[in-house]
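Derivation of every value follows stated rules applied to the coordinates shown; laboratory data play no part. Source: prediction; values computed, not measured.
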Amino acid sequence: MSSFEKSYLSTFLATATARFNTNAPGAGLTTTDVLNFMQICGMESQYTQKLSPWCRLFSRQEFIAGEVRLLSLFLTHQRARAVS
C-alpha cells in the first residue's frame, strides 16, 4: 500500500469509519471495510443504473477523495509500466 493510500485511509476514511462505528455499535469496522462499502456503492450503481443506497452513507468530500485515490493508483501503475 502506497503512502498516499495510507494517508487516504487514515485521513478521509477514518472520519467515515468513526461515523459508521458510532451508528453501528459493536460492528468494529475498519477503514478497509468502509472503503469496500464505498466500492459497493459504485458497483451496485453501475449494475442497477441507479444510485445505490450505499452511496448515501458517504459525503461528497469522501467521494472526491476516493476519486483522487483511484487516479493516483492509476498514475502510479502507468509510471511503473513505463519504467519496466
Practice task
In a Gaussian network model over the chain where Cα atoms closer than 10 Å are linked, find which of Ala18, Ala65, Ala27 has the largest mean-square fluctuation.
Solution key: Ala27
Exercise for the section: Please determine, in degrees from 0 to 90 and to the nearest 10, the orientation of helix 60-83 with respect to the longest principal axis defined by the Cα atoms of the chain, where the helix direction is its Cα long axis. Expected result: 20
Exercise for the section: With springs only between Cα atoms under 10 Å apart, run a GNM on the chain and tell me which of Gln49, Gln39, Gln61 wobbles the most. Expected result: Gln49
Problem - the chain: relative contact order as a whole-number percent, Cα under 8 Å and 6+ apart - result: 29
Handout entry: the chain - Debye-derived log10 I(q)/I(0), Cα point model, q = 0.11 Å⁻¹
Key = -0.34
Completion exercise
To the nearest 10 degrees, the tilt of helix 3-23 (Cα long axis) against the first principal axis of the alpha carbons of the chain is 10
Problem - Extension gain (nm, one decimal) between Gln61 and Ser3, 0.36 nm per residue minus Cα-Cα - result: 18.9 nm
Handout entry: Of Thr48, Thr22, Thr31, the one that fluctuates the most in a GNM where the chain has Cα springs shorter than 10 Å
Key = Thr48
Problem - Descending semi-axes in whole angstrom, ellipsoid equivalent of the stretch 18-57, from the Cα gyration tensor - result: 22, 10, 6
Handout entry: Using alpha-carbon coordinates, inclination of helix 31-48 to the longest axis of the chain, degrees
Key = 90
